[in-house]
Amino acid sequence: MTKQTISVLVEDEAGVLTRIAGLFARRGFNIESLAVGPAEQSGVSRITMVVPGDEKIVEQLIKQLYKLISVLKVQDISQQPCVERELMLIKISATASNRAEVIQVAQIFRARVVDLSEEALTLEVVGDPGKIVAIIQMLTKFGIREIARTGKIALVRESKVNTEYLKSLEAKVTL
C-alpha cells in the first residue's frame, strides 16, 4: 500500500486535532506521520499527515475532512513536486573506540552532534524522509538507544520543479 501526504489548513482552536484524529479512527485509517504547527496566516495551523492508502482512499478522506468545522483547505500533495523535511534526534552508543566512526557517518549526512557523554552521542538530523531512513540504517550497527522524529512536513514547490525528476537526470549525467 502506498503512502499519501495530505496537507490541511485549519483554524487554530482547541479540539481541531482531536476531531481530525477521531475522523480517521472512526473510518479505521491509520496516520503514520503527523506534524502540526502555525501556518503563514495568524490563527491558522498547518497539519501534514502521511497515511497509507491509494488515491481513492485519500479522496474519501478529503471529502470527510471538508465536512469538519474549522477545516479551511485540504490538499493531497502526494503526486505534486514538494519540499519535504523531517527532524530527528537519535541517540547512539558511542564509546571511545567507535566515536570517530559515528561522527564520520554523521558528517556525511550533515548531522550535528548535540549531546555527548562517555557512552553515547546524540545527533540532530534534518532532511527528506529518505535521508532519515538512510542514516538510521548506517547507525544501526553502533546501537541505537533512542529516536525521536517529528514526522514529515511538506510544502508544494511554487516552481513546480520535480526534484525526483532532476535527480534522475543528474544520475544519468554522472553515469
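Read-outs: derived from the displayed coordinates by stated rules, not from any lab. Everything quoted here is computed from the prediction, not taken from an experiment. Neighbour counts run over all protein chains shown; Cβ positions are idealised from the backbone, glycine included.
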Directionally averaged shadow of segment 83-154, computed from the convex hull of its alpha-carbon atoms, nm²: 4.2
Residue exposure sequence - Thr150, Thr95, Thr48 - by fewest surrounding Cβ within 10 Å: Thr95, Thr150, Thr48
Ranking request for peptides 34-41, 117-124: highest mean number of other beta-carbon atoms within 10 Å first, then the rest in descending order. 117-124, 34-41
Sequence gap at least 6, Cα distance under 8 Å: using those rules, report the relative contact order of segment 102-155 to the nearest whole percent. 29
Label-point gap, in nm, between Gln104 and Lys3 - each point 7 angstrom along Cα→Cβ: 3.0
Which one, Gln107, Asn162, Thr122, is farthest towards the positive end of the dipole of the chain when Lys and Arg carry +1 and Asp and Glu -1 on their Cβ? Asn162
So what is the relative contact order for segment 3-79, in percent, with contacts set as C-alpha pairs under 8 Å and at least six apart? 49
Just rank Met49, Met138, fewest to most, by other beta-carbon atoms within 10 angstrom. Met138, Met49
The chain - mean residue ellipticity at 222 nm from DSSP helices (-39,500 (n - 2.57) per run, n ≥ 4, rounded to 500): -10000 deg cm²/dmol
Pairs of alpha-carbon atoms within less than 8 angstrom and 6+ residues apart define the contacts here; what relative contact order does the chain have, in percent? 25
Which angle between 0 and 90 degrees, to the nearest 10, do you get for helix 99-108 versus the longest principal axis of the chain when only C-alpha atoms count? 50
FRET efficiency estimate (nearest 0.05) - Cβ-Cβ, Gln60 to Leu116, R0 45 angstrom: 0.40
